[in-house]
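Quick one: this structure, given as structure tokens, is what I'll be asking you about.
The values are calculated or read from the model by the stated rules, or taken from the named source; none is laboratory data. The structure displayed is predicted, hence computed values, not measured ones. Don't worry about glycine lacking a Cβ; one is built from the backbone with ideal geometry, like all the others, and counts go over all protein chains shown. Surface areas here come from the heavy atoms of the whole protein model, side chains and all, with no ligands, DNA or RNA. Shrake-Rupley method; radii C 1.70, N 1.55, O 1.52, S 1.80 Å.
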Amino acid sequence: MIVPVRSLREGYVLKKDVYSLATTPLIKSRTVLKEDHLTFLRAFSIKEVEIDSMNEADLVETFDSEEVAEEARHTDQSFFYRYNEAVQTFKRQFESWQAGMPVAIHDIRNMIVPLFEDVIGAPVYLLALHEYNHPKDYRYHHAISVGLFSASLAHKLNYEAKDWIQIGLAGVLADIGMAKVSPTLLDKSGPLTAAEYNEIKQHPVHSYHMIKAVASLNDAVKLAVLQHHERLDGEGYPFGSNQSKIHPYSEIIAIADVYHAMSSEREYRAKHSIFFILEEMRRQRFGLLNVSIVLTLTELLLQHSNGATVRLSSGETGEIVFINPQDLTRPMIKLTDSNEIMNLQQAPHLHIEDLLKINKKMLV
């Protein structure tokens, strides 16, 4: 039975997996829908789903059954479902910080470390993270995603587990100081005044003060949180520190922060192509960043992208058929309509505008 999402009720059981743009399901088949699922489907603009045919008595029995409800909690364990749960958990934490509550680092660690392990085991999940961002909840998606990218980069850079966990936590915590910024300023839709922007630029200092007494975070993490908007040429904030004073953890989080910010749809602008962003980061268009870490991020994201379907700036679509290890953002594309092979290294006027579909084999 095909049912419009607007007509769904708690207790309905999905017959088939529900997908968005990525090949990993948002919600798996046999899941008994609850209000969180319905909110999730609406957030990702899913129009309709297929459910099992059930009469009204069956629906009541399913909804009231503790056994089925418990099964539902364990049935849908897809990465992106659990990612969204982490986003909503972080949102609740953020609202508690706005009310003056302290940072519950134990709860954040328990929430995020399993996701760190997931993306380190399957980095391809990182390719699709921006598709699951919802503009109205951007700051909460951003925190979780920056943490995931930071941990993955640190792992790729051969940090030990105890270190990449700490670096990932620093990524999650980097912007928590936004909770101390005026809510009217955070939600402002128009351009910021100079004074308002200066207030926003104090959020790393607020973040630092919120965690400086947390004993389970080492000093390097606290410094990374404080410095994640600094740049190697001294043009960052809040202190204008230069390369000699910026901690390596800070350099990792800065790159994770810029990448996710530019790849995510915001209420005031559209997202950019991940290929375009990586090229622009390498060219230092977003401030002076550590180039070797930018190249590590590029390799982390694109080394297994053969088979992905993309759209070019010309409007043409095609499949990535060869990745040049020396220039990962400009692969060879087999065009859909003509079957012609387009080498982007030889077509500097073109770039990949969007990643449309990830090959399922990339998830193995």
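Taking amide hydrogens as modeled 1.01 Å from N in the peptide plane, which residues meet the under 5 Å criterion relative to L356, leaving out close sequence neighbours?
Placed amide hydrogens put T309, V310, R311 under 5 Å from L356.
If you filter region 247-336 for trypsin sites (Lys or Arg not before Pro), then keep DSSP loop positions with at most 16 other Cβ within 10 Å, what is left? List each step's numbers first, then the result.
Values: sites: R266, R269, K271, R282, R283, R285, R311, K334; in loops: K271, R283.
Counting only loop positions with at most 16 other Cβ atoms within 10 Å, the trypsin sites (Lys or Arg not before Pro) in region 247-336 are R283.
Here's another thing I want to ask about it. Measuring with a 1.4 Å probe in the full set of protein chains, what accessible area per residue, in whole Å², belongs to the chain? Don't skip to the end; give the middle numbers.
Numbers: 17110 Å² over 364 residues.
Value returned for the chain: 47 Å² of accessible area per residue.
Counting alpha carbon pairs within less than 8 Å and at least 6 residues apart, what relative contact order, in whole percent, applies to region 84-218?
On the way: 120 pairs, mean separation 32.9, N = 135.
About 24 percent, as a whole number.
Something else: Under 5 Å between amide H atoms, partner at least 5 residues away or on a different chain: which partners does V181 have, H built in plane at 1.01 Å?
It is none; the list stays empty.
Please check: in the Gaussian network model of the chain (C-alpha springs, under 10 Å), which one of M262, M111, M101 has the largest mean-square fluctuation.
M101
Take the eigenvalues of the Cα gyration tensor for region 77-212, scale each by 5, and report the square roots as semi-axes in whole Å, largest first.
Working: eigenvalues 133, 55, 41 Å².
Semi-axes, largest first: 26, 17, 14 Å.
So, one more: Once the Cα gyration tensor of the chain is diagonalised, what are the square roots of 5 times its eigenvalues, in whole Å and ordered largest first, as equivalent ellipsoid semi-axes?
On the way: eigenvalues 226, 170, 69 Å².
With the √(5λ) rule applied to the chain, the semi-axes are 34, 29, 19 Å.
I'd like the GluC sites (Glu not before Pro) in region 85-172 restricted to DSSP loop residues with at most 10 other Cβ atoms within 10 Å, sorted by number.
Values: sites: E85, E95, E117, E131, E160; in loops: E160.
Filter output for region 85-172: E160.
What whole-number volume per residue, in cubic angstrom, does the convex hull of the C-alpha atoms of region 141-203 give? Mind showing how you got there, number by number?
Numbers: hull volume 6.0 nm³, N = 63.
It is 96 Å³ per residue.
Loop-only GluC sites (Glu not before Pro) in region 275-359, please: DSSP not H, G, I, E or B, and at most 10 other Cβ atoms within 10 Å.
On the way: sites: E279, E280, E299, E316, E319, E340, E353; in loops: E316, E340.
In loop regions of region 275-359 (DSSP not H, G, I, E or B), there are no sparsely surrounded GluC sites (Glu not before Pro).
Under 1.5 on a/c is rounded, so check that first for region 304-364, then, if it is not, pick prolate when a/b is larger than b/c and oblate when it is not; a ≥ b ≥ c are the square roots of the alpha carbon gyration tensor eigenvalues. Please list the in-between numbers first.
Numbers: a/c = 1.70, a/b = 1.25, b/c = 1.36.
In terms of gyration-tensor shape, oblate.
Please give the Cα centre distance for region 117-149 versus region 225-255, rounded to the nearest Å.
22 Å
Same structure again: Strictly over 20 Å apart at the Cα level, which of K180/K222; K15/K136; K334/K357; K47/K334; K180/K212 would you flag in this model? Provide the component values of the computation, followed by the final result.
Details: K180/K222 17 Å; K15/K136 30 Å; K334/K357 14 Å; K47/K334 32 Å; K180/K212 15 Å.
Beyond 20 Å between Cα atoms: K15/K136; K47/K334.
A follow-up question, please. Quick check: convex hull of the Cα atoms in region 141-278, volume per residue, rounded to a whole Å³?
Hull volume normalised by residue count: 116 Å³.
Sticking with this one: For a test of the definition: using alpha carbon positions, the gyration tensor, and the 1.5 limit on a/c, classify region 285-325 as rounded, prolate or oblate.
On the way: a/c = 3.67, a/b = 1.62, b/c = 2.26.
Oblate.
A follow-up question, please. Can you send over the carbon and sulfur percentage of the accessible area for the chain, probe radius 1.4 Å, protein chains only?
Working: 8500 of 17110 Å².
Its accessible area is 50 percent carbon and sulfur atoms.
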